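J.: Take a look at the following structure, please.
Every number here is computed from the coordinates shown, using simple stated rules; none is lab data. Everything quoted here is computed from the prediction, not taken from an experiment. Counting neighbours? That spans all protein chains shown, and the Cβs are built from the backbone with ideal geometry, glycine included.
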Amino acid sequence: MSQEGEQASSDRKKYEFRKVIEDLDNYEGSGTQLVTIYVPEDRQVSDVVAHVTQEHSEAANIKSKQTRTNVQDALKSIKDRLRYYDTFPPENGMVLFSGAVDSGGGQTEMITRVLESPPDPVESFRYHCDSNFLTDPLEYMLEDHGLYGLIVLDRREANVGWLKGKRIEPVKSASSLVPGKQRKGGQSAQRFARLRLEAIDNFYQEVAGMANDLFVPKRHELDGVLVGGPSPTKDEFLDGDYLHHEIQDTVLGKFDVSYTDESGLKDLVDNASDALADAEVMKDKKHMERFFKELHSGELATYGFDQTRRNLVMGSVETLLISEDLRKDVVTFDCEACDNTDYDLIDRRKATPSHECSECGTDVEATDEDREDSIEHLITIAEQRGTETKFISSDFEKGEQLYNAFGGIAGILRYDTGI
């Protein structure tokens, strides 16, 4: 699969996860009866089954009969689901949710959900029983943290690694042979200074070589590089253009850190938090700036559900822009009188409406089977036409405008269609 295809698949999976999480967040139990289990990929399924069996046994001690029954039923449902898995969970682990949720009118409904292979690995086994499902760790995974290269160095040592999501991964380290500032006996000051500068230069080249080997193969996925260390060292390193030019161009900034061992990588990320936050929003800003440029002075912008969908079907949309806040369904109305098909965008909380055919005026009825999530609907068409999909945050002015002024849906075209 191409990088574009992998990214589209990842974006779609994140959206599907986000939808499930939003549903789970809306559920409530009448007591501490909603069970959540986080399972890392290296935890044997048999161990999880044994833990669930133990919890089921201990639940017999719950005083409330209703809560006791609901907890045991939830654990039994989870245990039944675990039978479908082999020795280990899927890649990155899985999260299981089960419990009796309030369905209105004093009634409850037993639900069970399993989310496999989340965007980031489940870090540790966790069993949680409460009146709400535990979704915070998953929500954090869905935040777009990106991929960043990390370099910390002084004239004694250096470490290079990754920031992947929230995980800092040290990868390579080096120690220098740079002599101290005091020269050894028998050497002239001039010769000593020259040898020392050569040693510093060689060390900077070694560090750059480690960074280039690590970052250049990932340069198309890289969201930026952070460099840390004491002021003279990091300045000399960056000003000397030791890094590959494509990596040098992605440097987001240089930051003071006290340590240059593996702990220095964490200090670097902490000190660069503002730059990282700005970088996340900047990606969305660039897409919206291009959209507004085309909207005001070009012919390659489309917006609104109907126009954007028609352009998508034609294959003319290069980039589909969808607001992260969009929460609507699309209803398909098939008119039997004239074989025309219309689409209507509605609030997902509202009932399916009737519709007047745009061609012949016939009243057309639709059922709940004729409606689907609008984002799923648009992404499916986009994938079939090779269109890139970007979810846009509303945490900045133009992202907010996408939602409020353009209905949360827009696109940048490959060519002008006149639509």
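J.: Which loop GluC sites (Glu not before Pro) in the range 221-270, with loop taken from DSSP, have no more than 15 other Cβ atoms within 10 angstrom of their Cβ?
T.: On the way: sites: GLU221, GLU236, GLU246, GLU262; in loops: GLU221.
Sparse-neighbourhood loop GluC sites (Glu not before Pro): GLU221.
J.: If you don't mind, there's one more thing I want to ask. Rounded, prolate or oblate: which fits the range 1-115 when a ≥ b ≥ c are the square roots of the eigenvalues of the alpha-carbon gyration tensor, with rounded for a/c under 1.5 and prolate only if a/b beats b/c? Present the calculation step by step, with values, prior to reporting the outcome.
T.: Details: a/c = 3.48, a/b = 1.46, b/c = 2.39.
Because a/c hits 1.5 or more and a/b fails to exceed b/c, the range 1-115 counts as oblate.
J.: Please list 3J(HN,Hα) in residue order for the range 270-275, calculated via the Karplus relation 6.51 cos²θ - 1.76 cosθ + 1.60 where θ = phi - 60°; whole Hz, with x for glycine and proline.
T.: Rounded to whole hertz, the list is 4, 6, 9, 4, 5, 5.
J.: Any chance you could run the full-extension gain for ASP416 through VAL281? It's 0.36 nm times the residue separation minus the Cα-Cα distance, nm to one decimal.
T.: Gain in length upon complete extension: 45.8 nm.
J.: Treat each spin label as a single point 7 Å out from the Cα along the C-beta direction, and report the ASP249 to VAL216 distance in nm.
T.: Result: 1.5 nm between the two label points.
J.: Could you list, in their original order, any pairs among LYS285/LYS390; LYS254/LYS285; LYS14/LYS390; LYS350/LYS398; LYS283/LYS398; LYS286/LYS398 whose Cα atoms are separated by more than 18 Å?
T.: Listed pairs above 18 Å: LYS254/LYS285; LYS350/LYS398.
J.: Of ALA272, HIS244, LEU300, which is farthest along the charge dipole of the range 173-304 in the positive direction, counting Lys and Arg as +1 and Asp and Glu as -1 at C-beta?
T.: About the Cα centre, the residue reaching furthest to the positive side is HIS244.
J.: Next question. When volume of the Cα convex hull per residue in Å³ is calculated directly from the model, which label among (1) 139; (2) 171; (3) 199 fits?
T.: Correct label, based on the coordinates given: (3).
J.: Hey, can you rank 151-158, 287-294 by average C-beta count inside 10 Å, highest first?
T.: Going by the mean number of other Cβ atoms within 10 Å, highest first, we get 151-158, 287-294.
J.: Same structure, new question: Only bridges whose two residues both fall in the chain count here: according to DSSP, what percent of them are antiparallel, nearest 5?
T.: The antiparallel proportion sits near 80 percent.
J.: Shifting gears a bit: Using the 2.2 N^0.38 Å rule of thumb for compact globular proteins, work out how the range 49-117 stacks up: its C-alpha Rg over that value, please.
T.: The range 49-117 yields a ratio of 1.23.
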